[in-house]
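Structure, as structure tokens:
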Amino acid sequence: MSMVDEPLYPIAVLIDELKNDDIQLRLNSIRRLSIIARALGEERTRKELIPFLSENNDDDDEVLLAMAEELGVFVPYVGGVEHAHVLLPPLETLCTVEETCVRDKAVESLCRIGSQMRESDLVDWFIPLVKRLAAGEWFTARVSACGLFHIAYPSAPDALKTELRSVYTQLCQDDMPMVRRSAASNLGKFAATVEPAYLKTDIMSIFEDFTQDDQDSVRLLAVEGCAALGKLLEPQDCVAHILPVIVNFSQDKSWRVRYMVANQLYELCEAVGPEPTRTDLVPAYVRLLRDNEAEVRIASAGRVTKFCRILSPELSIQHILPCVKELSSDSSQHVRSALASVIMGMAPILGKDATIEQLLPIFLSLLKDEFPDVRLNIISKLDQVNQVIGIDLLSQSLLPAIVELAEDRHWRVRLAIIEYIPLLASQLGVGFFDDKLGALCMQWLQDKVHSIRDAAANNLKRLAEEFGPNWAMQHIIPQVLEMINNPHYLYRMTILRSISLLAPVMGSEITCSKLLPVVVNASKDRVPNIKFNVAKVLQSLIPIVDQSVLEKTIRPCLVELSEDPDVDVRFFANQALQAIEHVMMSS
């Protein structure tokens, strides 16, 4: 029975499914609303489906959430923008439910619909809805109302605008902290739609009330408002109204408010401009870097490079660097980790001399930190320092520490070092690399951790690409091939992996003369895992070698493996033989 032929069918099924005890059935039918609406046509969707949804009193949050989401994209199914207002009643009901995520989704859908509605419809339907929610008996309705003002306000006539501003002011003074929180978090959006004249009077007086709220959860949302309002105000107003608030908040008794200031400080600096930043915000930032709560120090430390970009190098060295030194030996490992993730970026800002004198000792202490994440964060950003101080100094000061980390007991630190080696190699040059790091690269092929061995094989390929096949032939290939006789089969497998990665870089001649004999020899290994890896490697060599080698060396070896007693060995050998057939046919 096709849905389009029988328009009565969908609505009857929907009603049945929405009353079903099985939540999955109810969810499925909500997710199919758009299909049902298409089948019903625009008029019946408006007259039957939407009223039915408005009366649907499902008590499951998942179903309600799906409904709030579906209705947000329903404008085309009810006949376009001129009929969009019919979608408002079911969403208004959803704005009053207890579950926060349902309300948030309903508000999001209302905003999406409201932004498409015509001005006259907004005045006739949307604004009355906002006023009803704002006057709702339950706090849930009032919380939802706060998120709709920025859609309602621009198209309202002047008298209604005045009313909307006063309603918003009332919501900002609501007895329920949840309502005040919602009003505070939506203040920036609302303020962006208000005329400049009222911005300084109405909005700023609301903002000042928030900054003195007795609930820290409201005050910390006012911090977010600082940055949003700062962008809307003229610079001089920003300094007069926003700056004192930021300075006070940086000394707030609640650590959560101070944490929020630390998080937003860079945006706040942009809002107030360079001069007030230097005079007022630097002392505030220094206080936050020395805060007694670790969370505040973490947020502040993570912004240290961004903040220094706004200041002159002299100011950074004078005020910020002493704090950075203290943080590098902070009692909290998370503070040190946050600092390590950004401190390398200070080198280009402070310049060569300051980096060598002041920052290098800090880098070294963080490179030797007992917490692996701190060391990792330093290693991964070394190139930023290299650009500033040059490779000679970097190798003298930091390389011993890097070599130490290459043998670190935490495998993730060893892994980070391996991944950094090709970059280091290209910066250090071939001579330096051979002296200091060559042996390490071979050592990693026999690491206890598989990820390290795998990364080490990849590392050899990248080094061969960097320094060329001739260098690899001298420094990598002989040592790699020696290891194929290792008594442990897992290490022999790593060598096979290295060969398959190196072959494309080394080219046909070296592959045939040096690498292929070793692989063929390994096909006689007693461990099946080695043998099926030999089959895989031989398959990867097919595009590299010429046809005579395929016929004389690779095919006989694979034929032998295809008769092996082990099922996996036979499978991979046959797969490789098929690949050879394919190549032969296409050529």
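The values are calculated or read from the model by the stated rules, or taken from the named source; none is laboratory data. This is a predicted model, so every value here is computed, not measured. Backbone-built Cβ (ideal geometry, glycine too); neighbour counts: all protein chains shown. Areas reflect the complete protein model, heavy atoms only, side chains present, ligands, DNA and RNA absent. Shrake-Rupley method; radii C 1.70, N 1.55, O 1.52, S 1.80 Å.
Go through the range 108-135 and report how many residues are more than 29 Å from the chain's Cα centre (by Cα) and either on the phi > 0 side of the Ramachandran plot or among the basic types (Lys, Arg) (or both).
3
What number of residues within the range 186-204 satisfy the criterion of being open to solvent by 60 Å² or more (accessible area, probe 1.4 Å) and in a helix (DSSP H, G or I)?
6
Restricting to the range 305-323, name every residue that is of a type in the set (A, V, I, L, M) and touching a Ser or Thr at 6+ places or on another chain (Cβ under 9 Å).
Ile310, Leu311
So which residues in the range 297-333 are touching a Phe, Trp or Tyr at 6+ places or on another chain (Cβ under 8 Å) and either of a type in the set (D, E, K, R) or at positive phi (or both)?
Arg303, Lys306
In the range 218-262, how many are farther than 19 Å from Thr193 by Cβ, surrounded by fewer than 22 Cβ atoms within 10 Å (Cβ to Cβ) and within 26 Å of the chain's Cα centre (by Cα)?
Adding up the residues that qualify gives 2.
Name the helices (runs of 4 or more DSSP H) wholly within the range 483-581 that hold at least 3 residues that are free of Cβ contacts under 8 Å to residues at least 24 places away in the same chain?
Result: 555-561.
In the range 97-107, which residue that is within 28 Å of the chain's Cα centre (by Cα) and either polar (S, T, N, Q) or exposed (fewer than 15 other Cβ atoms within 10 Å of the Cβ) (or both) is nearest to Phe74 (Cα to Cα)?
Applying the filter and picking the extreme gives Cys101.
Restricting to the range 340-382, what's the tally of residues that are closer than 19 Å to Ile298 by Cβ, open to solvent by 20 Å² or more (accessible area, probe 1.4 Å) and either free of Cβ contacts under 8 Å to residues at least 12 places away in the same chain or among the charged types (D, E, K, R) (or both)?
Total satisfying the criteria: 3.
Which condition from (1) open to solvent by 50 Å² or more (accessible area, probe 1.4 Å); (2) modelled with pLDDT of 85 or more is the one that Tyr285 breaks?
Result: Tyr285 passes all but (1).
Being small (Gly, Ala, Ser) and open to solvent by less than 10 Å² (accessible area, probe 1.4 Å) is the filter here, so list the residues in the range 108-154 that pass it.
Selection gives Ser109, Gly114, Ala141, Ser144, Ala145, Gly147, Ala152.
Taking the condition at pLDDT 85 or above and charged (D, E, K, R), does Arg165 pass?
no
Condition first: crowded, with 18+ Cβ neighbours inside 10 Å and closer than 22 Å to Cys512 by Cα. Now tell me which residues in the range 556-578 satisfy that.
Result: Cys557, Leu558, Leu561, Phe572, Ala573, Ala576, Leu577.
I need the full set of residues from the range 318-332 which are outside any helix (DSSP H, G or I) and either loosely packed, with under 14 Cβ neighbours inside 10 Å or more than 28 Å from the chain's Cα centre (by Cα) (or both), in order please.
Scanning the range 318-332 gives Ser329, Ser331.
Collect the residues in the range 406-442 that are surrounded by fewer than 20 Cβ atoms within 10 Å (Cβ to Cβ), modelled with pLDDT of 80 or more and assigned to a helix (DSSP H, G or I), keeping them in residue-number order.
Trp411, Arg412, Met442
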